[in-house]
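The values are calculated or read from the model by the stated rules, or taken from the named source; none is laboratory data. Source: prediction; values computed, not measured. In this analysis, Cβ positions are derived from the backbone assuming ideal geometry, glycine residues included, and neighbour counts consider all displayed protein chains. Accessible surface is based on the protein model in full, side chains and every heavy atom, while ligands, DNA and RNA are left aside. Shrake-Rupley method; radii C 1.70, N 1.55, O 1.52, S 1.80 Å.
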Amino acid sequence: SEHQTFRPTKTVETLVDELIQQALARSTLEEAFIEAEPATDTDILVIPYHDIPVRPQDRFKDAIDNSDAAFIPKLRRKPNAMEPLNHQELMSTPWLSPYRTEILQAPLNPAQPFNQPGTWRCASLDSQPAVVISHAADLQALANKLRDENVSEIALGMENHSERSFQGFLCALELTTRHQDYVIDALALRSELSALAPLFTDPSVIKVLHHARDAVLWLQRDAGLFLVNMLDTEIVARDLGWADPSLAGCVARAARVQIPHLESQHSIDWRRRPLTDGVVRAARLRTHYLLDVYDVVRHLTRDDSPYPFRIPIRKSAQLAVKAYQKSRLGGQDALEALRRDLCQQHGIALTSKAQSRVFEALVFWRDRVARIRDESVQYVLDDKSLMILTRDCPTRFVALERSFRHTPHKGIPVLLNELRRPLFWEIACALDPHHQRMPMEAALETEMSSHVEGGSIVDRGEIGFGWFQ
């Protein structure tokens, strides 16, 4: 009847997939794959690095393992042990912190009395220069000095580089006592940082950090170091409802000093050496005023307060007991969740199963490239670019250039341009799964035998340039 409700027989997704298959059927295989080439691991690795002259990880004594193999902890000895080191347990999957007993049984209240806020005030940054440590002998001397002086509280901070590394690596450690700031070159001393193990695992020394969640894992990953008796001041700030729980907010509240938010330091390339005065000053800001914050925290968390000190120290122990694990791609559910999140975040709709296959192929491809070259997945192919390529599905240079014309990159990123042929291969195989991974030479030989006129390949137009453009 004229009022009968119209019910479409096909979804948009199904219709788009059929159109793609019709386009593939009308085109020749060499048109879909003509600019595409598969790449071996060696092909990916030999591409020059457009980076600083020498990548720090190229000089590490310990080999970087970006494979899917389980992480192997670097701990070889266990100072301040309550239980002996169990090497077999370290090799288990997943492994557990060998210091979990010591961390969870550390004293809930410091043995030393706390300073009333304001009775001790950290000197200004300009009053005394920091001590920069870049030699193994100086690091051991520092560890011995702090032990001999019976230091009972230190502030710790770390600078990690992750943009041009798959797992990331520590570049600098900051350590502050009541009298001195130390900046430790974690690149030069990467293999010597275990000298700090007796100090870091001493339960009589409280280690004060801000936002310790990542720091405890970085120490395990790079140096096999663990923190026993740690306080994360961010936990206190959040639990007490401070208006600004960032380090800058805590320092302003406790020390009445305005320091820049650490987000402003993201432009610093912590890999570069030598460490300039400006970089050392920026590093000191992470810990210089942190013991002032600690004094205020101790005052607010007295035993008779509604929020006694044992609460944040227990919560901090739950962070310290976590064990570092390598990053891994999730299963199908995780990929689907990632696709939904990125579609929403970047306002890009994927309307076909073909695009979903391209998305999955590119997620795995950027992960593979990042592991091989020791780059972050975001450097290889950032999320915005991932979604643009998934939307457009370019298999030719012209289409790739068009896709990146209106992105923040203002053009094809350097590494992606170098890898464009393997990129086109991944997209073409995902679009035409029936020919997926077919050897290129055999595919072209088969198809060209029936599509050659006058000794040249027939140009079928822009099929394959940008399937969804």
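What to note about this one:
- The distance linking region 47-82 with region 274-327 is 26 Å (Cα centroid to Cα centroid, whole angstrom).
- 294, 379, reordered so the largest accessible area comes first (probe 1.4 Å): 379, 294
- Vicinal HN-Hα couplings computed from phi for region 123-130 (Karplus, 6.51 cos²θ - 1.76 cosθ + 1.60; Hz; Gly/Pro x): 5, 5, 4, 7, 6, 8, x, 6
- Between residue 140 and residue 325, the contour length at 0.36 nm per residue exceeds the alpha carbon distance by 63.7 nm.
- Extension gain from residue 214 to residue 277, taking 0.36 nm per residue of separation minus the Cα-Cα distance: 20.1 nm
- The modelled label-to-label distance for the pair residue 343/residue 81, using points 7 Å beyond Cα in the direction of Cβ, is 5.3 nm.
- For the listed peptides 131-141, 155-165, a ranking on the average number of other beta carbons within 10 Å per residue, highest first, reads 155-165, 131-141.
- Note on residue 103: accessible area approximately 10 square angstrom, rounded to 10, probe 1.4 Å, nucleic acids and ligands left out.
- C-alpha center-to-center spacing [region 335-358, region 409-434] in angstrom: 17
- Solvent-accessible area per residue in the chain equals 49 Å², computed with a 1.4 angstrom probe and all protein chains kept.
- Other-chain or far-sequence residues with amide H under 5 Å of residue 208's (modelled H): 154, 155, 156, 231
- Heavy-atom accessible area order for 108, 431, largest first, 1.4 Å probe: 108, 431
- Surface accessible to a 1.4 Å probe, residue 145 within the full protein complex, Å²: 90
- The spacing between region 125-162 and region 235-266, judged by their C-alpha centroids, is 23 Å.
- Within the accessible area of the chain, the carbon and sulfur atoms contribute 52%, probe 1.4 Å, all protein chains present.
- For the chain, the mean residue ellipticity at 222 nm estimated from helices alone is -11500 deg cm²/dmol, where every DSSP H run of n ≥ 4 contributes -39500 (n - 2.57) and the total is divided by all residues, rounded to the nearest 500.
- Share, in percent, of DSSP beta bridges within the chain that are antiparallel, nearest 5: 60
- What the Cβ-Cβ distance of residue 243 and residue 397 gives, at R0 = 51 Å and to the nearest 0.05, is a FRET efficiency of 0.50.
- At the residue level, residue 214 shows approximately 60 square angstrom of accessible surface with a 1.4 angstrom probe and all protein chains present.
- A simple count of charges around residue 284, restricted to other residues whose Cβ falls under 13 Å of its Cβ and scoring Lys, Arg +1 and Asp, Glu -1, yields -3.
- Assigned charges on the beta-carbon of Lys, Arg, Asp, Glu; the chain dipole about Cα centre (debye): 1420
- Cα-Cα over 30 Å, subset of 78/145; 315/384; 207/384; 61/410; 61/322: 315/384; 207/384; 61/410
- Ordering of 340-346, 414-420, 384-390 by burial proxy (mean other Cβ atoms within 10 Å per residue, highest first): 384-390, 414-420, 340-346
- Each of 78, 410 has its accessible area taken with a 1.4 Å probe; listed largest first, they run 410, 78.
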